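Worksheet for the structure shown next.
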Amino acid sequence: MKMRKGPRVLLFGGYPGAGKTTQIGLLSQTTEITVLSAGNILRQETKKGTSLGQMFLECSSKGLRAPDHVVCGILAPHIRLLLSRGTGSLLSDGFPKSAPQLKFLEDLCSSLVAGMIYLDAPEEVLVGRAGSRRHCEKCGPVRGGGDFCVTCGNPVLVRYDDDAETVRSRLRSYAQGNQEVVEVLEMRRTLVRVDATREVGAVSESVNAAYRQLTGNRN
């Protein structure tokens, strides 16, 4: 398949609770790549009360994957804005989650994605992690314990979609669509799996190695 000219786009994959937010934060500290956090953007859209945001909320609150046109419609202007800044590289967290979304992203960027770093972890680990996650309405995911955000001081809560039943439903929904993207990138030989059950530092080392492999950056 011939590569089209355009910005270099790298994906970060893995089931909810695999540790993507933590590892992307660490990776962004050592690289100049721009991060697209799809989950944060989608949640912000639900708070605005737009028609697309309400459609997304209705699905996500039940652990279902929102239709592709809803997700792409919400994210498109944000992706265009990031690309217009001319950084040349984009790391996408949580998008795309289906083959049509992948095609949409590649058409929008006029470039095939460079590949995906995929965090692997079994279901029971993911359910346990999701139940312990905390979220600040202002700052997003919060690391560590405590009842208040260490950044802004606001109360932190369990995310509305992190109860065990909803998490399991979300994992099934995620698998149904995301497997399409995984299969496409595996066929292209541009998917690198990382064992996400290890401690954060060990996972980070593997993530950095995968990043260098997929981007050709040897630094």
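The values are calculated or read from the model by the stated rules, or taken from the named source; none is laboratory data. In this text the structure is predicted, and so the values were computed from the model without any measurement. Glycine gets a Cβ as well: all are built from the backbone with ideal geometry, and neighbour counts include every protein chain shown. The accessibility values were calculated without ligands, DNA or RNA, using every heavy atom of the protein model including side chains. Shrake-Rupley method; radii C 1.70, N 1.55, O 1.52, S 1.80 Å.
Over all pairs of different C-alpha atoms, the range 1-124 has a mean inverse distance whose reciprocal, the Kirkwood radius, equals 15.2 Å. Charge dipole (Cα centre; +1 on Lys/Arg Cβ, -1 on Asp/Glu Cβ; no other charges) of the range 1-78 amounts to roughly 200 debye.
Comparing PRO16, THR34, LEU57 along the charge dipole axis of the range 1-82, the residue lying farthest to the positive side is THR34, per the Cβ-charge model. Exposure check, 1.4 Å probe, all protein chains in place: MET55 carries approximately 70 Å² of accessible surface. Using +1 at the C-beta of Lys and Arg and -1 at the C-beta of Asp and Glu, which of THR46, VAL71, SER89 has the Cα lying farthest in the positive direction of the dipole of the range 43-95? Projecting each Cα onto the dipole axis, the largest value belongs to THR46.
What part of the accessible area of the range 34-88, given as a whole %, is carbon or sulfur when the probe is 1.4 angstrom? Don't skip to the answer; put the middle values down first.
Values: 1590 of 2780 Å².
Here it works out to 57 percent.
Rolling a 1.4 angstrom probe over the protein heavy atoms with all chains in place gives the range 52-125 an accessible area of 41 Å² per residue. Among residues other than VAL182 with Cβ under 12 Å from its Cβ, the summed charge is -1 (Lys and Arg +1, Asp and Glu -1).
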